[in-house]
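The values are calculated or read from the model by the stated rules, or taken from the named source; none is laboratory data. Worth saying up front: this structure is predicted, and the values here are computed from it rather than measured. Cβ placement follows ideal geometry from the backbone for every residue including glycine, while neighbour counts extend to all protein chains displayed.
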Amino acid sequence: MRHYRIFAALAGSAALLLASPGPASAVINATTDTTNRFPSVGGLQVRVDGDWFDFCTGTLVAPDVVLTAAHCTDFFTGAVGDPDAFGPDDWRISFDANPDQNSTYYGADHFVIHPAWLQAAPGTGNSKMGFLSPGHEDIALVYLTHEVVGVTPAPVADAGYLDGLDLTHETFTVVGYGTDDFITGSAFSPRAITVYDGARSYKDVTVITTRDAFPDRFLKITASVCFGDSGGPLFHEGTVVALNTWTFSARCDGPNLEYRVDSAPAQEFLDANL
């Protein structure tokens, strides 16, 4: 079964950033966060040829630190001012529920990516191999240039947090700023009609506990997150327990995989860097 990063690829930014008339909310069939229920979740933007584009989601977990996915950061390899590569000055985040040109944005000082992700072989294959194989620890931290004002950082799960839950009886909440819906086509269709409003939204989901051959570092959840939601949180009672990482469908109408922050590789990384 094919799987896709829940990431608005730069090459497809124009297609994925199309907006359609009428109300919409990021995360498929979700609720727009009009009451600012999740203030610690922000929308990530990248600068391309002088313009800023939404591409991922992250969570404030310390006054000046954002937790997100490794694949949302690993291409920011250039130095500040480098015209030939993305660098920290090409990244920013807003914690507004519906950011615009008048929103407050925070820039990146530097990125810390799980070293195993950087050392792993390029991912290939299907959901049971490839990007899910050992070493592909899809977690990163972004250290901001300034502390965020007026936002309380979200708590992050301790080691083995999810192992203490009966997953068949728990409800979780995904949050993100990504694609809202596909009216026609899919993320890879040349003339897809895509709904995207750039606003934060959320949806309650459940865990699919039927065994599948994917690693225990991941949770399989019901359809919800989509492209641009990558790196955003899966909350359990206000605690970040996993990160939006993969969807099984180019239309985001199938299950998703979440990278567990309570897993041993994630905890080792967080203990060393947060």
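Numbers below:
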item: Checklist (1) among the aliphatic types (A, V, I, L, M); (2) under 23 Å from residue 218 (Cα atoms); (3) crowded, with 20+ Cβ neighbours inside 10 Å; (4) touching a Phe, Trp or Tyr at 6+ places or on another chain (Cβ under 9 Å) applied to residue 112, failing item; result: (3)
item: Counted residues, segment 82-103 - those being polar (S, T, N, Q), touching a residue at least 12 places away in the same chain (Cβ under 8 Å) and part of a loop (DSSP other than H, G, I, E, B); result: 1
item: Residues (surrounded by 17 or more Cβ atoms within 10 Å (Cβ to Cβ) and out of contact with any helix residue (DSSP H, G or I) (no Cβ under 8 Å at 6 or more places or on another chain)) located in segment 152-164; result: 153, 154, 157, 161, 162
item: Residue, surrounded by the most Cβ atoms within 10 Å (Cβ to Cβ), within segment 131-145, restricted to residues that are of a type in the set (A, V, I, L, M, F, W, C) and at pLDDT 90 or above; result: 139
item: Residue, nearest to residue 196 (Cα to Cα), within segment 242-265, restricted to residues that are of a type in the set (A, V, I, L, M, F, W, C) and surrounded by fewer than 23 Cβ atoms within 10 Å (Cβ to Cβ); result: 250
item: Single unsatisfied condition, residue 94 versus (1) within 26 Å of residue 257 (Cβ to Cβ); (2) within 15 Å of the chain's Cα centre (by Cα); result: (1)
item: Residue, modelled with the highest pLDDT, within segment 199-220, restricted to residues that are in a loop (DSSP other than H, G, I, E, B) and acidic (Asp, Glu); result: 216
item: Enumeration of residues in segment 213-233 that are touching a residue at least 40 places away in the same chain (Cβ under 8 Å) and of a type in the set (D, E, K, R); result: 216, 217, 229
item: Residue tally, condition over 14 Å from the mean Cα position of the chain (by Cα) and either among the aliphatic types (A, V, I, L, M) or more than 22 Å from residue 168 (Cβ to Cβ) (or both), over segment 203-251; result: 10
item: Residues of segment 92-130 satisfying the condition of being modelled with pLDDT under 70 and either under 24 Å from residue 179 (Cβ atoms) or in contact with a strand residue (DSSP E or B) (Cβ under 6 Å, 6 or more places away or on another chain) (or both); result: 123, 126, 127, 130
item: Yes/no for residue 182 being surrounded by fewer than 17 Cβ atoms within 10 Å (Cβ to Cβ), more than 26 Å from residue 272 (Cα to Cα) and among the aromatic types (Phe, Trp, Tyr); result: no
item: Residues of segment 61-78 satisfying the condition of being touching a strand residue (DSSP E or B) at 6+ places or on another chain (Cβ under 6 Å) and either farther than 20 Å from residue 138 by Cα or in a strand (DSSP E or B) (or both); result: 61, 64, 65, 66, 67, 68
item: Residue selected from segment 214-241 under the condition surrounded by fewer than 21 Cβ atoms within 10 Å (Cβ to Cβ) and of a type in the set (S, T, N, Q), by the criterion farthest from residue 179 (Cα to Cα); result: 239
item: Verdict on residue 60 being at pLDDT 95 or above, out of contact with any Cys (no Cβ under 7 Å at 6 or more places or on another chain), hydrophobic (A, V, I, L, M, F, W, C) and surrounded by 16 or more Cβ atoms within 10 Å (Cβ to Cβ); result: yes
item: Residue in segment 152-167 that is β-branched (Val, Ile, Thr), touching a residue at least 60 places away in the same chain (Cβ under 8 Å) and over 27 Å from residue 251 (Cβ atoms) present; result: yes
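For every residue, the table says whether it meets (1) surrounded by 13 or more Cβ atoms within 10 Å (Cβ to Cβ); (2) within 19 Å of residue 96 (Cα to Cα).
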residue	(1), (2)
166	no, no
170	yes, no
193	yes, no
203	yes, yes
207	yes, no
